[in-house]
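K.L.:
Before anything else, here's the structure in question.
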Amino acid sequence: MSSPRHRLAPARGRTGADTPVKAACEVLGRRRQGPYWVLSFAAREIAERARPGQFVEIAVDAPHSLLRRPFSIAGVSRQGVAAGTVDVVFDAHGPGTAWLSTVATHDVLDIVGPLGTPFPLPQRKVNCLLIGGGYGSAPLFYLGEKLVAQGLRVDMIVGAATEDRILGTIEAKRLSATVTFTTDDGSYGTRGRVTDVLADTVAATGAGVVYACGPNPMLRAVSEGCVELGVPVQVAVEELMGCGIGACFTCVMPLRGRDGEVTMRRTCIEGPVFNGARIAWDETRVRLGPTVEDEPDEPPARPTDAELWGER
Amino acid sequence: MSSDVRRLDPAEVAGHGADRAEVDLSTDLAGLALPDPILTASGCFASGREMDRFYDVDRIAAVVVKSITREPRRGLPTPRMAETPSGMLNAIGLQNPGVDAWVAHDLPWLAERGVRVVASIAGKSVADYRAVAEALRAADPEAATIRAFEVNLSCPNVEDRGLVFACDPSVAAEVIRGVRSVAHVPMLAKLTSDVTDIVAVARAVVEAGADGLTLINTVLGMVIDPETGRPALSNTYGGLSGPAIRPIAVRNVHQVHTAMPEVPILGCGGVREATDVIQFLRAGASAVSVGTSTFVDPFIGPTLVEELRTWCAQRGIATVRELIGTCTPWEA
Ligand SMILES: Cc1cc2nc3c(=O)[nH]c(=O)nc-3n(C[C@H](O)[C@H](O)[C@H](O)COP(=O)(O)O)c2cc1C
């Protein structure tokens, strides 16, 4: 890795390990991974403080864009030549992410983080099932490393719409005891949704906890599935964020307290990781979407010669 | 202008001005003495604790807290926000824990940290506003922490078909009289620009006992998703904020200051850089509130203070107070 070209102002913020900073960060690389982008940048304080499930807010210079964009942390390195680097994975689907997909090595980004709640780690020995949808798998690999380092068994379900949108096939296989892949169109692994294989995988792996990250409809389905199975579930949700720092109250999710009362909790500071069983999904706009069962399972029967041309 | 990437870091700016340390940034807002003219805007700094993760929030001249209502408010369903060119649209629905919980949980923390607080009051009726003011006075009778009230008049009046208080001079005045009768601290009336004649509303609330004015709240707007045909916000309409509304805010401050030069004004709307603060001061504001820019840069307050100091030092301006109301009209 080349040495930084810029002499950057030091990060602003407190020295406490649990606090976020605002830092000028040099881009170390940007590469394609399937349809997604992986961006690496130098951010010593963020790398040192980050935990899986947390995110960073990156200022973008897209025309007329004012607000930062949140990105889940996909990995950090604290040691070796790459010490102090942070990776994020994203899909260029809006003007901010499109701009970010054009930054060059040595460009300087303005980044705030780490933000939000991390995935809680089990305090006793338990088998962990990690379920990722699309680029939502990225932070789960980071979490998986932590769990494996604790001596825990990790299994994964990795799903996406199509084969090319499955992220990190090799990482998933390397990390976990077993991996089940699912695609909506059956182009890779089992045809269907991650929840179609949830019950069987929980049974086969002896999972005592489920961690999930991906689109909200998937998280809803996984959460409801886990409640039915009686397995604790932690999900990292995606909500539209204004500030990412707890100031604007736009990114709320309804959470049911122990007393049954529902309150609106900020995804950016009280989440993004929530107990999936406590989210009042029926009070959100998150819908489950069509399930694969609703679609015809078998291709239509082929007509015979006789049916096509009549007896000749 | 969006990201901070290309902005100079204040550490680098420091040193250019000869007498930075000698610039006097202190100001007075309706009897409230402030070390500098940069306040937070209501609803954009949460309770203060969130921002204290970044720096000691007692460094801020005064924190205008999120509007407090009599009862807890759950707020509106999501989506509550949409980004717009150089701004954002929001409809939060005044989510807050209610005055009792605020007094029990947020006030003690702010008091312990020595934060100067401007308590923003919201309500659905005159009685609501009064009740919140009474509860706040009871909680801090000596005004040790709560140094002023800001009455958020941009709320729908349930007793008048949901019409916004600030849209009708006589109704706005009625709220101010209600709060005035129990207030023990200076009281600012926060107005909306969505009226035909803001000077008429300003005059009515000042006559009713407001010690100063906050100008302006968000500007009503709408975004429609072109594909789905749905409004971007669950509430259909929302409040536009950020640099997009700055010229509107500066115009309102100037109009009101021109009509009533003796009335203290807290300018608010799209402040992002020191030169924006200067515009508001020149238009007639004694201080400014920074809202949406906090979302982009959590350090915006302290940064603006340093930039302002430099700007004044470079021009030999001894005190920011000498800038207030110094907008020079073109000759006819
Ligand atoms: C997310 C959000 C929440 C707000 N909540 C309140 C509020 O509770 N009470 C209030 O008086 N103003 C509220 N405002 C308005 C701001 O205080 C301010 O008047 C407005 O945003 C214009 O300033 P700005 O452009 O610097 O943001 C809110 C604004 C935003 C963006």
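K.L.:
Roughly speaking, what % of Cα-Cα pairs in the protein assembly as shown are separated by over 31 Å, rounded to a whole number?
P.N.:
Details: 114184 of 207046 pairs.
Summing the P(r) of the protein assembly as shown above 31 Å gives 55 percent of all pairs.
K.L.:
Follow-up. Of B:90, B:304, B:143, which is farthest on the positive side of the dipole of chain B, counting Cα position, with +1 on Lys and Arg Cβ, -1 on Asp and Glu Cβ, and the Cα centre as origin?
P.N.:
Of the listed residues, the answer is B:90.
K.L.:
Per the Kirkwood definition applied to all pairs of different Cα atoms, how many angstroms is the hydrodynamic radius of region A:89-203? Before the final figure, lay out each step's value.
P.N.:
On the way: mean 1/r = 0.0633 Å⁻¹.
One decimal place: 15.8 Å for the Kirkwood radius.
K.L.:
Continuing with the same structure: Which value does Rg/Rh take for region A:5-53 over its C-alpha atoms, Rh per Kirkwood?
P.N.:
Numbers: Rg = 12.9 Å, Rh = 12.5 Å.
Radius of gyration over Kirkwood radius for region A:5-53 works out to 1.04.
K.L.:
With charges set only on the Cβ (+1 for Lys and Arg, -1 for Asp and Glu), what does the dipole of region A:40-146 come to about its Cα centre, in debye to the nearest 20?
P.N.:
Dipole size: approximately 560 debye.
K.L.:
Further, regarding this structure: Would you work out the charge dipole size for region B:164-263 about its Cα centre, treating the Cβ of every Lys and Arg as +1 and the Cβ of every Asp and Glu as -1, and quote it to the nearest 20 debye?
P.N.:
Using only the charged Cβ atoms, the result is roughly 140 debye.
K.L.:
Under the rule of at least 5 residues apart or a separate chain, name every residue whose amide H is placed under 5 Å from the amide H of residue B:151.
P.N.:
It is B:121, B:188, B:189, B:190, by chain and number.
K.L.:
Which percent, nearest 5, of DSSP beta bridges in the protein assembly as shown are antiparallel?
P.N.:
Restricted to the protein assembly as shown, the bridges split so that about 55 percent are antiparallel.
K.L.:
May I ask what percent, to the nearest 5, of DSSP beta bridges between residues of chain B are antiparallel?
P.N.:
Counting DSSP beta bridges with both partners in chain B, the antiparallel share is about 40 percent.
K.L.:
Nearest 20 debye, what's the magnitude of the dipole of chain A about its Cα centre given +1 on Lys and Arg Cβ and -1 on Asp and Glu Cβ?
P.N.:
On the way: 33 positive and 36 negative charges, 356 e Å.
My answer is approximately 1700 debye.
K.L.:
Ranked by Cβ crowding within 10 angstrom, fewest neighbours first, how are A:22, A:125, A:146, B:124 ordered?
P.N.:
Arranged by neighbour count, lowest to highest, A:22, A:125, A:146, B:124 become A:125, A:146, B:124, A:22.
K.L.:
Related question: Given the rule -39500 (n - 2.57) for each run of at least 4 DSSP H residues, summed and divided by the residues of the protein assembly as shown, what is its mean residue ellipticity at 222 nm, to the nearest 500 deg cm²/dmol?
P.N.:
Values: 17 runs with 151 residues, N = 644.
So the helix-based figure for the protein assembly as shown works out to -6500 deg cm²/dmol.
K.L.:
Quick check for the protein assembly as shown: number of Lys pairs with alpha-carbon distance under 24 Å, counting only pairs 8 or more apart or on different chains?
P.N.:
Number of lysine pairs found: 7.
K.L.:
What does the charge count near residue B:245 come to, summing +1 for each Lys or Arg and -1 for each Asp or Glu among other residues with Cβ under 12 Å from its Cβ? Let's see the in-between values first.
P.N.:
Working: positive: B:246, B:251, B:272; negative: B:194, B:276.
Surrounding charge for residue B:245 is +1.
K.L.:
Of the options A:157, A:118, A:176, report the single residue whose Cα projects farthest towards the positive end of the charge dipole of chain A (beta-carbon charges: Lys, Arg +1; Asp, Glu -1).
P.N.:
Farthest towards the positive end: A:118.
K.L.:
To continue, here is another question. What net charge is computed for the residues neighbouring residue B:123, neighbours being all others with C-beta under 11 Å from the C-beta of residue B:123, Lys and Arg scored +1, Asp and Glu -1?
P.N.:
Spelling it out: positives minus negatives among the neighbours equals +1.
K.L.:
So, one more: Within chain B, which DSSP H helices have Cα atoms that stretch 18 Å or more along the helix axis and a mean Kyte-Doolittle hydropathy of at least 1.6? Display every interim value, and only then the final one.
P.N.:
Values: long enough: B:126-139 (20 Å, 0.41); B:246-259 (20 Å, -0.29); B:300-314 (21 Å, 0.09).
Within chain B not a single helix satisfies the rule.
K.L.:
Counting Lys +1, Arg +1, Asp -1, Glu -1, what net charge surrounds residue B:255 among other residues with beta carbon under 12 Å of its beta carbon?
P.N.:
Net charge around residue B:255: +1.
K.L.:
Among B:163, B:42, B:189, whose Cα lies farthest out toward the positive end of the dipole of chain B, if unit charges sit on the beta carbon of Lys, Arg (+1) and Asp, Glu (-1)?
P.N.:
B:163
Values quoted throughout were computed directly from the atomic coordinates according to the rules given, and no laboratory measurement underlies them. Just so you know, these numbers come straight off a predicted model, no measurement behind them. Backbone-built Cβ (ideal geometry, glycine too); neighbour counts: all protein chains shown.
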